[in-house]
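The values are calculated or read from the model by the stated rules, or taken from the named source; none is laboratory data. Quick caveat: nothing in here was measured; it's all calculated off a predicted structure. Because the Cβ atoms are built from the backbone with ideal geometry, glycine has one as well, and the counts that use them run over all protein chains shown.
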Amino acid sequence: MPPEFGSPAEFVAEVLAFLRRRLSIILLTCFVMFGAGLLYLVVAVPTFTATAQLIVDAKTTSSNDTASATTAVESQVAILKSESVARAAIAKLGLAGDREFSGGALHHLSRSTSRLLGWSRQDTDVVTRDAMEAFARKLSVKRAGLTYIVDLAFSSADPDRAAQVLDTVVETYITTQMDAKYKWGLQNEKWVKERVNELSNQASTAKKAVADYNRARNGIAVPANTAEAGPPSSQSTGTAQDELRELEATADAATRTYDNFLRMLRYMDAMQQQSAPVFEARLLTGVSHPYTASSPNARLILGSAILGGMLLGIGIGLLRDRSDRERAPARRSAATASGGTAVVQGLKANGVKPHFDGSFKVEKQHTYKEANPDL
């Protein structure tokens, strides 16, 4: 409470008195701001927002690891907002040539005029970049709190276009995930096949080395380019047995490794034929078609206009009061000076004259005969 008011009752009384004094100003500013809000609602282009929801599969993350869950959800958000998804959706719907995605009517007119005058030429990359920037502004992808749910929204001046674009974004996202999973599976399968072929050659080489060693011990000639050199005739029988066991162990290990990778390859082929890829996220709520405009919000705008008008009127009223208080001493001084002059003139009329020392002296009043002795 300001210090110049002694009690709350005095403060309330002063506030009410202020409102009575400045009510006309407050009502005028409220009316002006309300009219401005109505004009904005008439001129503004309504925006419609389509929504959808995705849920990240909790099985892909550790249930006790919050950081892992956050990383999984944010990864899907980044994929949905990625340039590849936006570019694919723009190309599929042909949004690069749409005025809503090319910088507006004024930008489109200036660019067309520049091309007609020869100042610039149409650049497909520039048009696509403008469309992608507008696309990014209209698309909203965010995590719903600390859940596994991702909220998607797309805003457009056309409700059908908003739903169509968001549906294309979801479809492109799913297609991208399928392609990534399929390519990942093909790469794994390719690596396993290459590894199987390599192990098959190693197993065959090891078995051939064992067979060649046995033939060499039995006195059978072995070609120089295919067989390993046999042990010398002076080599002991124990050493020969050790070498044979080593060759057989190498062959068995290569064969077991080859069999394991071969079973893995068969399992991957079977799983690829029987099941679809498992995605990290799936559609929880389908794309909802907007029937009412999401912006501008008439209630919010008109309410803000009225509130702003009230505050503006109160501010103007306070400035008027302050100005009046600053001019009041000058008016009182002028009134005092005017009153003093009138008093002096009255004293003079009654025979009282001021002196230089500030005192007044009453002169003798003469009669008419004394003032005119010749009569």
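Just one of (1) in contact with a Ser or Thr (Cβ under 6 Å, 6 or more places away or on another chain); (2) without any contact (Cβ under 8 Å) to a residue 60 or more places away in the chain fails for Leu199. It is (2). When restricted to residues that are at pLDDT 90 or above and surrounded by 16 or more Cβ atoms within 10 Å (Cβ to Cβ), the range 278-305 contains 3.
Return a yes/no flag: does the range 26-48 have any residue that is assigned to a helix (DSSP H, G or I), hydroxyl-bearing (Ser, Thr, Tyr), closer than 22 Å to Ser294 by Cα and modelled with pLDDT of 90 or more.
Kept after step one, since they are assigned to a helix (DSSP H, G or I), are these residues of the range 26-48: 26-43.
Imposing the further condition that a residue be hydroxyl-bearing (Ser, Thr, Tyr) reduces the set to 29, 40.
Now narrow it down to the ones that are closer than 22 Å to Ser294 by Cα: 40.
Next, only the ones that are modelled with pLDDT of 90 or more stay: 40.
Within the range 26-48 (the criterion being assigned to a helix (DSSP H, G or I), hydroxyl-bearing (Ser, Thr, Tyr), closer than 22 Å to Ser294 by Cα and modelled with pLDDT of 90 or more), the answer is yes, since at least one residue qualifies.
Here Arg161 meets the list (1) out of contact with any helix residue (DSSP H, G or I) (no Cβ under 9 Å at 6 or more places or on another chain); (2) surrounded by 17 or more Cβ atoms within 10 Å (Cβ to Cβ); (3) at pLDDT 80 or above almost entirely, failing just condition (1).
Does Ala203 fit the bill of being in contact with a Leu (Cβ under 8 Å, 6 or more places away or on another chain), over 30 Å from Ala180 (Cβ atoms) and either at pLDDT below 75 or in a helix (DSSP H, G or I) (or both)? No; evaluated as a whole, the condition is false for this residue. Within the range 250-274, being modelled with pLDDT under 75 and more than 14 Å from Asn201 (Cβ to Cβ) holds for Met264, Leu265, Arg266, Tyr267, Met268, Asp269, Ala270, Met271, Gln272, Gln273, Gln274.
Using the structure shown, decide if Val222 is β-branched (Val, Ile, Thr), surrounded by 17 or more Cβ atoms within 10 Å (Cβ to Cβ), closer than 19 Å to Ala251 by Cβ and at pLDDT below 80. Walk me through it before giving the result.
Working: β-branched (Val, Ile, Thr): yes; surrounded by 17 or more Cβ atoms within 10 Å (Cβ to Cβ): no; closer than 19 Å to Ala251 by Cβ: yes; at pLDDT below 80: yes.
When the stated conditions are applied, Val222 does not pass them.
Condition check ((1) under 30 Å from Arg266 (Cα atoms); (2) in a helix (DSSP H, G or I); (3) assigned by TED's automatic domain parsing to the domain that holds Glu248) across all residues:
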| residue | (1), (2), (3) |
| --- | --- |
| Val127 | no, yes, no |
| Leu146 | no, no, no |
| Val150 | no, no, no |
| Ala153 | no, no, no |
| Glu194 | yes, yes, yes |
| Asn197 | yes, yes, yes |
| Ala211 | yes, yes, yes |
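Just one residue in the set Glu171, Glu198, Glu189, Glu228 is charged (D, E, K, R), at pLDDT 75 or above, more than 15 Å from Ala89 (Cβ to Cβ) and surrounded by fewer than 17 Cβ atoms within 10 Å (Cβ to Cβ); that residue is Glu198. Counting only residues that are at pLDDT 90 or above and either closer than 15 Å to Thr47 by Cβ or not basic (Lys, Arg) (or both), which one in the range 135-148 is surrounded by the fewest Cβ atoms within 10 Å (Cβ to Cβ)? Only one residue tops the list, namely Arg137. Being at pLDDT below 75, over 18 Å from the mean Cα position of the chain (by Cα) and over 21 Å from Ser294 (Cα atoms) is a description that does not apply to Lys92.
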